[in-house]
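Reading through the structure tokens given below for one structure.
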Protein chains: 2
Amino acid sequence: MPDAKPFVLQCPLPVGNTGFVQLAHGGGGKLMHDLLEQMVLPLLGNPILESRHDGAVLAINGTRLAFTTDSYVVQPLFFPGGDIGTLAVNGTINDLAMCGARPLYLSAALILEEGLPLDTLSRVLASMRDAAKATGVQFVTGDTKVVDKGSGDQIFVNTAGIGVIEHQLTIAPSGARPGDAILLSGDVGRHGIAIMAVRQGLEFETTIESDCAPVVQPVLALLDAGFEVHCLRDLTRGGLATALIEIAETARLSIAIDESLIPVMEDVQGACEILGFDPLYLANEGRFVVFLPASRAADALKMLRAHSVSSGAVQIGNVGENAAARVTLRSRIGTLRVLEMLTGEQLPRIC
Amino acid sequence: MPDAKPFVLQCPLPVGNTGFVQLAHGGGGKLMHDLLEQMVLPLLGNPILESRHDGAVLAINGTRLAFTTDSYVVQPLFFPGGDIGTLAVNGTINDLAMCGARPLYLSAALILEEGLPLDTLSRVLASMRDAAKATGVQFVTGDTKVVDKGSGDQIFVNTAGIGVIEHQLTIAPSGARPGDAILLSGDVGRHGIAIMAVRQGLEFETTIESDCAPVVQPVLALLDAGFEVHCLRDLTRGGLATALIEIAETARLSIAIDESLIPVMEDVQGACEILGFDPLYLANEGRFVVFLPASRAADALKMLRAHSVSSGAVQIGNVGENAAARVTLRSRIGTLRVLEMLTGEQLPRIC
């Protein structure tokens, strides 16, 4: 074997760093943020990657495209409201939608563990087919790798996606503006609790289903109607709180939200109280926030509510005038609290 | 957990099928071919996916783009001549080049195993940076997931890539024509033996290095010079033999090649004889074949040889007139043999 290439970390080690990858490095919180900031971006970074968007916006021969990728490692593979296949399609097309793009094409790359039942693979592929069909996207390229038993975990799916941007807006975390209204497309925390309930064998009065769904239609409806959308963000790993903190930091502005305005299903709230989770940090797979001028908030909400996936849309807060780069939550009892990224891992392998 | 969706396999089970994923399903041979033909394509297929190309060719607003993806699960992570990072960049840009595209943008999706030393991750990322820089491509989007210890194997890397097609040719396996010359860009088998040597602790007089390299320059040189290229294919999993069999089957034509014309390094040949491998089936990561009209073969070879990565280019055979959809090899002693796809797995996790 050749000598190891000399490589020197050119920056301080991330908070909580032990020199080894921890589960929390994939959790969407502070450790993942630090890993990206302090290791990935210094090595691979460029202005497009550094925009910290859900996907990249590229201009090729005058056409604006969005390009994104995600790997899916969720356990269990099948859960109420979806499976790794629906997640792998909806997650990636939602990232394209968050760039304001119309999703067109997907790739599918499978890493299979030796011994996986072919029937399980078929079920996952069938879910991918159905989810792609539901949004009118096509799988156009792919790859299959097999690793020996014990070197993987049943099936990991990577999808990358390409979408086309058919408007002139620049939609990005840096695009949020003082005075913007912040709209949330529906209740939060369901995906996280649905996964947790299966893992822990928890039972509720009714089964809590993941919110996993494509959000392309309401987003394109807003854009086609000419709403001046400044920023879109889906609320996956790290949940609503982390998404807003990242936007506040990237745009260097202050965000104020009101806890009493944030919808949480009663069973989800109950599970969170028992398990010690905060629903604002739980992953969602069919929820997003929209930043746009407050004067258009009421009309935009009306349009969002006309689509079933965002029928519970509400305004949860506003962007303030100062550049404090932080998110303040007014609690149900009226106290104010600054939201922080989580350092540890709430729920590993949620997507 | 919800009931399993009913799913019925609508086709006979693949050859050698046990109902479970086997290592050979990822080996590039017969089992992988059958898995794609009989399970993936019936579920996810469409005309673009069914072109069986190294990537998809898409037309968006009049611009032709290539789009491709591969996951990399090679073990060991570091080997003579490269590592999983160089492989993940060169493999994907080579697939774009095989579509006749100029590679522009890459995504990077990492699946890390808990406990991976951050220093190992840094070395892989540094290799990805260097390989991207060498071909002038940018990483523009990415993803990081972490799986618990024992559910992965150090690091898996997925890259997807986008390239632009700047000519009017249709380059595809179906594009090979009777009368075409078949050019091979250099000696075969080095990547496979380099990996095997590290795994098995084999020593040779000189270290056999992987041929891992970008092949973009000689390919674009041919295209820029106006050569009427019909088909390009890189010789990764399954090697030269499998690539030619796939082209013969897709284009429904007969291919004749001459073993004595196929360059194999002496040490590679020796290792193959000891280990019982056929170099024609070993993976390469910087080798490709070109199909073009025989009248232009000499000029094309001259151009290929001007680039160091293809300085050993030779003509190894021709496309015949009949539609037998098979590859015939004339051996060094003059006998004729029809090449078949391998059913088992020669070398798992080669890329």
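The values are calculated or read from the model by the stated rules, or taken from the named source; none is laboratory data. These figures come from a predicted structure and were not determined experimentally. Methodologically, a virtual Cβ is constructed for each residue, glycine included, from the backbone with ideal geometry; neighbour enumeration extends over all protein chains shown. Note: accessible area is taken over every heavy atom of the protein model, side chains too, but ligands, DNA and RNA are not part of it. Shrake-Rupley method; radii C 1.70, N 1.55, O 1.52, S 1.80 Å.
Can you give the helix-only mean residue ellipticity at 222 nm for the protein assembly as shown, where every DSSP H stretch with n ≥ 4 adds -39500 (n - 2.57) and the sum goes over all residues, rounded to the nearest 500 deg cm²/dmol?
Details: 18 runs with 190 residues, N = 702.
Taken over the protein assembly as shown, the calculation gives -8000 deg cm²/dmol.
Here are some pairs, A:K149/B:K149; A:K30/A:K145; A:K145/B:K149; A:K149/B:K145; A:K149/B:K30; which of them have Cα atoms lying more than 24 Å apart in this structure?
Values: A:K149/B:K149 14 Å; A:K30/A:K145 32 Å; A:K145/B:K149 20 Å; A:K149/B:K145 20 Å; A:K149/B:K30 21 Å.
Too far apart for the 24 Å limit: A:K30/A:K145.
If you count, for every residue in B:48-55, the Cβ atoms of partner chains within 10 Å of its Cβ, what is the mean? Write down the numbers at each step before the final one.
On the way: counts 5, 7, 1, 2, 0, 2, 1, 3.
Partner Cβ neighbours, averaged per residue: 3.
Using only Cα atoms, what Kirkwood radius does region A:22-91 have, in angstroms?
14.5
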Nm distances between copies for B:P293, ranked from closest, using label points 7 Å along Cα→Cβ: 6.1
Pseudo-label separations to other copies for A:P42 - Cα-to-Cβ vector, 7 Å, nm: 5.3
Could you give the length gained by full extension between B:L336 and B:A298, i.e. 0.36 nm per residue of separation minus their alpha carbon distance, to one decimal place? 11.1 nm
Based on the alpha-carbon gyration tensor of region B:198-262 and its eigenvalue square roots a ≥ b ≥ c, which shape applies: rounded if a/c is under 1.5, prolate if not and a/b is larger than b/c, or oblate? oblate
Roughly how many nanometres apart are two label points built 7 Å out from the Cα toward the Cβ at A:T63 and A:S260? 5.1
Segment B:D130-B:V164, length gained on full extension (0.36 nm per residue, minus Cα span): 10.1 nm
Pop a pseudo-label 7 angstrom from the Cα along the beta-carbon direction at both A:E228 and B:A323 and give the gap in nm to one decimal. 6.2
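Can you pull out the buried accessible area for chains A and B, both sides counted, probe 1.4 Å, rounded to the nearest 100 Å²?
In total, this chain pair buries about 7800 Å².
Taking the mean number of other Cβ atoms within 10 Å as a proxy for protection, how do you rank A:41-52, A:110-121, A:182-193 from highest to lowest? Write down the numbers at each step before the final one.
Working: A:41-52: 16.3, A:110-121: 20.8, A:182-193: 27.0.
Per-residue mean Cβ counts within 10 Å order the peptides as A:182-193, A:110-121, A:41-52.
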Label zone at B:D278, where the point sits 7 Å out along the Cα-to-Cβ direction: region B:175-192 residues whose backbone N lies under 19 Å: B:184, B:187-192
What does the convex hull of the Cα atoms come to per residue for region A:97-214, in Å³? 177
Taking each residue of B:60-67 in turn, how many C-beta atoms of other protein chains fall within 10 Å of its C-beta, and what is the average? 5
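If you put +1 on each Lys and Arg Cβ and -1 on each Asp and Glu Cβ, how big is the dipole of the protein assembly as shown around its Cα centre, in Debye rounded to 20? All intermediate terms of the calculation are to be shown ahead of the outcome.
Values: 50 positive and 76 negative charges, 235 e Å.
Using only the charged Cβ atoms, the result is roughly 1140 debye.
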What residues qualify as long-range amide H neighbours of B:F20, i.e. H under 5 Å apart, gap of 5 or more or another chain, H built at 1.01 Å from N? A:L118
So, in nm and shortest first, the distances from A:A306 to its counterparts in the other copies, with label points 7 Å along Cα→Cβ, work out as 6.0
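Given a 1.4 angstrom probe, what's the average accessible area per residue across chain A, in square angstrom?
Dividing the accessible area of chain A by its residue count gives 36 Å².
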What translational diffusion coefficient, to the nearest whole µm²/s, does the protein assembly as shown have by Stokes-Einstein, given a Kirkwood radius computed over alpha-carbon pairs, a temperature of 4 °C and 1.567 mPa s viscosity? 50
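Calculate the FRET efficiency for B:R305 and B:N46 from the Cβ-Cβ distance with a Förster distance of 51 Å, rounded to the nearest 0.05. Intermediate values should be presented prior to the final figure.
Working: r = 39 Å, r/R0 = 0.77.
It comes to 0.85.
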Roughly how many percent of the accessible protein surface of region A:305-351 is carbon and sulfur, given a 1.4 Å probe and a whole-percent answer? 51
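Based on the alpha-carbon gyration tensor of region A:173-339 and its eigenvalue square roots a ≥ b ≥ c, which shape applies: rounded if a/c is under 1.5, prolate if not and a/b is larger than b/c, or oblate? Don't skip to the end; give the middle numbers.
Values: a/c = 2.04, a/b = 1.34, b/c = 1.52.
Oblate, because a/c is 1.5 or more while a/b does not exceed b/c.
Rounded, prolate or oblate for region B:258-329? Axes are the square roots of the Cα gyration tensor eigenvalues, ordered a ≥ b ≥ c, and the cut-off for rounded is a/c under 1.5.
On the way: a/c = 2.49, a/b = 1.25, b/c = 2.00.
Here region B:258-329 falls in the oblate category.
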Which whole-number percent of Cα pairs in chain B have a distance greater than 28 Å? 43
Counting only residues 5 or more apart in sequence or on a different chain, those whose built amide H sits under 5 Å from that of B:D143 are B:A108, B:A109, B:L110
For B:L292, residues with placed amide H under 5 Å, excluding near neighbours: B:A181, B:L183, B:H230
